[in-house]
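No value in this document is a laboratory result; all are computed from the given coordinates. What you see is a predicted model; the values in this text were computed from it and never measured. Glycine gets a Cβ as well: all are built from the backbone with ideal geometry, and neighbour counts include every protein chain shown.
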Amino acid sequence: MNENQIPHGTTSILLCLDLEEGSRELAEFCKDCAEHWNYPVHVIHVHGDGGRDIEDVEPDLSIITDEILYNLRVPAVKILKGLPEEVIVEFANEITSTPIIMLGRRKRRIADRIYVGSTTSAVIALSPYPVLVVPLNILK
């Protein structure tokens, strides 16, 4: 077994980054948890249609993983396409360890809450695994 393979049954963190404001804060929190629990971290970004090109997203994801998660066991850093909640749960099912899915939640205006946060709610509803929702922008 190489150093990036995780034994079956070992708990790991599936860090879901959307690369918007607060993503670095979420990665820092994940780092603290992974170090405390001694868990490996799988990192996923689900790229939707529209918006930035995938080529523009890769450097931002690399910067976060290289600068923040550099000293952790990180067996996978993936950019995948599809409906975020479905892709997140499908990827969690593929991990050979038992994942804790980690997502961020931002404080939003009331009008934005109608449309924002639906991915987190859907992941909670679809996931057979624990989902840790981390409030972001808590210092603002």
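Which residues in the stretch 75-95 place their backbone N less than 12 Å from a point set 7 Å from the Cα of D49 along the Cα-to-Cβ direction? Residues 82-83 qualify, since their backbone N sits under 12 Å from the label point. Residues in the stretch 13-27, backbone N under 20 Å from the label point at E58 (7 Å along the Cα-to-beta-carbon vector): list them, ranges by number please. Backbone N within reach: 17-20. Each peptide in 57-70, 75-88 was scored by the mean count of other Cβ atoms within 10 Å over its residues; highest first, the order is 75-88, 57-70.
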